[in-house]
Structure formats: C-alpha cells, structure tokens
Amino acid sequence: PRVAFAELQRAGRGRRGRSWLAPFGSGLAFSVAWTFAETPADLPALGLAVGVSVAEALHRLGFVEVRVKWPNDIVWRNRKLGGLLLQMRSEIGGGASVVAGLGLNIALPAAARSALEGPGLLPATDLCEIGPDRVPGRNALAAALAAALLAALAEFKDSGFAAFAARWSGLDALAGSRVRVSHGDESIEGQALGVEADGALRVAVADRIERFYSGDVSLRPAGDPGS
C-alpha cells in the first residue's frame with residue numbers, strides 16, 4: 001500500500017465530477033493505493049467499509065457524533081465534515097486495484113466553506129467547529145486516519161463487507177429517515193432502510209423496496225409530500 005498526502009487542493013475531484021477544495025492547512029486530503037490479489041465479491045461495498053473506519057477513528061478521538069451518510073459522506077448533525085471517493089479497477093478472475101481518497105475539513109476559512117456549499121448539498125462543517133478542544137495535531141490526525149483506512153482495507157480483504165455491516169448500521173445517518181434519491185433527471189422518495197450486503201441503499205417506496213447503487217441522497221422533513 002501507498003499513501004499520498006496533499007497540503008492543499010485547488011481542483012480536488014469529488015463524486016459526480018464535483019470539486020473538492022482544501023485551502024492550505026485547512027484539512028486533510030490524502031489517498032491510499034491498495035491492491036487485492038483477488039477481487040472481493042462485494043467490492044462495490046468497499047466505500048462503505050472505508051467510511052465506517054473513518055467514523056470509528058474520529059469517535060476514538062472524541063468526535064462521537066460523527067456518522068456516515070450513504071454512499072460516501074462523513075457527517076455531523078447532517079452537515080458535511082468529509083467525503084470519500086474510490087476509484088477501482090478489477091479483472092475478471094484476477095485482482096483489483098483501488099485508490100481510496102479522503103478529504104476531511106479541520107479548519108475551513110469562511111470563503112472555502114461558502115465555495116463548498118450549494119443547492120442540494122449539505123452545509124459544511126469542520127473539526128474545529130465541532131470540538132475545538134479535541135482537535136489533535138494534523139500529523140497525529142493524519143496518522144490515525146491513514147492507519148484506520150489501511151486496517152479497513154486489510155479487514156475487507158479477509159472478511160468482505162460482512163465485517164462492517166453491523167458497524168455501518170450503528171453509524172448510518174439515514175436509517176429510518178424519509179429521503180429523496182436523485183439519479184440523473186429522476187428522483188424517488190421513500191424511507192431509508194439501510195444497505196444490502198453489496199452496498200446498495202434500500203429505500204421503501206410505497207409497497208416496494210427499491211435498491212440504489214449510486215445517486216445523491218437528501219433528507220426530507222417529516223410529513224413533507226415532496227415536489
């Protein structure tokens with residue numbers, strides 16, 4: 001495995017072509033490269049496992065209200081603290097190469113906070129806002145999170161998402177909530193019911209269960225009929 005850190009990002013890439021901004025010294029931005037000798041059957045769920053590892057590491061540092069929001073957000077009280085992006089390349093009957101990237105906000109300047117917000121996006125937060133007296137030094141934080149990601153990748157290699165499923169459920173920011181899932185020009189509303197073994201989001205829509213493997217998810221107020 002290899003780990004690469006960046007002190008700043010002017011054009012970091014997020015999900016669905018969005019940008020991820022990280023002014024100098026304002027957060028952590030790093031990627032972990034990992035190779036599986038054999039492609040795990042549940043590889044699409046790897047991003048959820050990595051999200052669990054990040055949230056658990058932050059809990060150990062005292063940020064106990066941090067949760068994971070499907071598919072790849074690290075959140076606190078429905079505000080975005082960080083995000084994950086995984087790039088994967090696999091071969092049928094062979095191995096898989098993965099690059100797992102994490103961006104985590106530590107102390108965002110006001111201008112950067114505004115630039116990260118927009119219609120349909122969660123408002124941003126950072127560790128200094130959540131618990132200014134609990135924020136460790138950046139080197140210590142970087143070491144803790146990199147170690148957590150590497151441990152998660154090794155555990156996923158041995159046990160797949162089964163080792164993380166119950167832990168995800170305990171951290172799931174959407175569980176039981178009314179949500180809207182948008183994919184392209186379509187959107188569906190229903191109740192979030194957790195995830196499948198392969199990482200798909202389960203949503204109860206009327207008298208059926210829909211499964212989503214990608215898309216943007218937003219919480220809907222209770223009783224909101226939608227639009």
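The values are calculated or read from the model by the stated rules, or taken from the named source; none is laboratory data. For clarity, every value in this text was computed on a predicted model and none was experimentally measured. Remember, those area values only see protein heavy atoms, side chains included, never the ligands or the DNA or RNA. Shrake-Rupley method; radii C 1.70, N 1.55, O 1.52, S 1.80 Å.
Brief remarks follow.
- Stokes-Einstein diffusion for segment 134-211, with the hydrodynamic radius set to the Kirkwood value over Cα pairs and evaluated at 25 °C in a medium of 0.890 mPa s, equals 164 µm²/s.
- Atom-type composition of the exposed protein surface of the chain places 52 percent of the accessible area on carbon and sulfur (1.4 angstrom probe).
- For Rg and Dmax of the Cα atoms in Å, the value computed from the atomic coordinates appears in the list (1) 16.4, 47; (2) 21.5, 71; (3) 17.2, 50 under label (3).
- Note on the chain: with a GNM built from Cα contacts shorter than 10 Å, the maximum mean-square fluctuation among Ile74, Ile188, Ile92 falls on Ile92.
- Choice from Gly194, Gly184, Gly95 showing the highest fluctuation, given a GNM over the chain with Cα pairs closer than 10 Å: Gly184
- Rg/Rg_ref, segment 84-196, where Rg_ref = 2.2 N^0.38 Å and atoms are Cα: 1.33
- What segment 96-227 shows is 48 Å² of accessible area per residue, with the surface traced by a 1.4 Å probe over protein heavy atoms.
- In the chain, the DSSP-assigned H stretches of four residues or longer account for a calculated mean residue ellipticity at 222 nm of -7000 deg cm²/dmol, using -39500 (n - 2.57) per stretch and the full residue count as denominator.
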